[in-house]
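Have a look at the structure below before the remarks.
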Amino acid sequence: MAKTRATRRTLDSYTVKSISKTIKAGDCVLMRSSDSSKPSYVARVEKIESDSRGGNVKVHVRWYYRPEESIGGRRQFHGSKEVFLSDHYDIQSADTIEAKCTVHSFKSYTKLDAVGNEDFFCRFEYNSSTGAFNPDRVAVYCKCEMPYNPDDLMVQCEGCSDWFHPTCIEMTAEDAKKLEHFFCQNCSSEDPKLQSSHATSRHSDTKVETKRRRR
């Protein structure tokens, strides 16, 4: 006689006792790796199921990949907290959940005043079979024509509004932070009156626009 398939039921939410946190579909979580030398995996909960008695809780997840887990590997413009939303789905025990986390949009992440251990950002979807990204093109900046890495300090030209890495314009990060006005080489060559200048005081009220996330 064929065995009757165990009945599973869908849960609206589930409290992970080990972390005293309640999870539901749509939440992002950190899941324990079987290799203790590797960081926790980042996943989005798609569905929560249990057996008929409410035990043996499983979570259906969609994995986020870190850059080093992708076919192309980590590149210079990838942020330390960047992850890619993959097409890789899985079912895992709820007991492997270590923490809840937040995966921000790229725009939201760049507006954070400070970044915590459970903060990540995603600007690409990733095909785990082909290694393709969506979108396959993003805006690039600076002379090096690289996408923005929110971990890196950049300064904005007051002429063309493009952003530059201090190292790409032969400047230290310390000098970049002291700039009162900054014009890139192209803008200053077109109009000799446009020249970069440093603030006479470290407490000058007028400073060139810089950007980098605080962690």
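Can you tell me how many residues within segment 27-60 are farther than 12 Å from residue 96 by Cα, open to solvent by less than 50 Å² (accessible area, probe 1.4 Å), under 26 Å from the mean Cα position of the chain (by Cα) and without any contact (Cβ under 8 Å) to a residue 60 or more places away in the chain?
Counting residues in segment 27-60 that are farther than 12 Å from residue 96 by Cα, open to solvent by less than 50 Å² (accessible area, probe 1.4 Å), under 26 Å from the mean Cα position of the chain (by Cα) and without any contact (Cβ under 8 Å) to a residue 60 or more places away in the chain gives 3.
From the set of residues in segment 111-126 that are surrounded by fewer than 16 Cβ atoms within 10 Å (Cβ to Cβ) and of a type outside the set (D, E, K, R), which is nearest to residue 30 (Cα to Cα)?
Looking at residues that are surrounded by fewer than 16 Cβ atoms within 10 Å (Cβ to Cβ) and of a type outside the set (D, E, K, R), I get 117.
For residues that are assigned to a strand (DSSP E or B) and either open to solvent by less than 20 Å² (accessible area, probe 1.4 Å) or more than 18 Å from residue 134 (Cβ to Cβ) (or both), tally how many sit in segment 65-91.
Of the residues in that region, 6 qualify.
Across segment 158-181, what is the total count of residues that are touching a strand residue (DSSP E or B) at 6+ places or on another chain (Cβ under 7 Å) and assigned to a loop (DSSP other than H, G, I, E, B)?
Result for segment 158-181: 4.
Pairs under 9 Å by beta carbon, first residue over 16 Å from residue 112 (Cβ atoms) and open to solvent by 40 Å² or more (accessible area, probe 1.4 Å) in segment 144-166, partner of a type in the set (Asp, Glu) and part of a loop (DSSP other than H, G, I, E, B), six or more apart or different chains?
Going by the 9 Å Cβ cut-off, the qualifying pairs are 156/162; 156/209; 158/209; 159/191.
Against the condition closer than 27 Å to residue 15 by Cα and either open to solvent by less than 30 Å² (accessible area, probe 1.4 Å) or in a helix (DSSP H, G or I) (or both), how does residue 108 come out, does it pass?
Considered against the rule, which asks whether it is closer than 27 Å to residue 15 by Cα and either open to solvent by less than 30 Å² (accessible area, probe 1.4 Å) or in a helix (DSSP H, G or I) (or both), residue 108 comes out as no.
The values are calculated or read from the model by the stated rules, or taken from the named source; none is laboratory data. Keep in mind that this is a model prediction, so the values were computed, not measured. Ideal geometry is used to build each Cβ from the backbone, glycine not excepted, and the neighbour counts take in all protein chains shown. Ligands, DNA and RNA are excluded from the accessible area calculation, which covers all protein heavy atoms including side chains. Shrake-Rupley method; radii C 1.70, N 1.55, O 1.52, S 1.80 Å.
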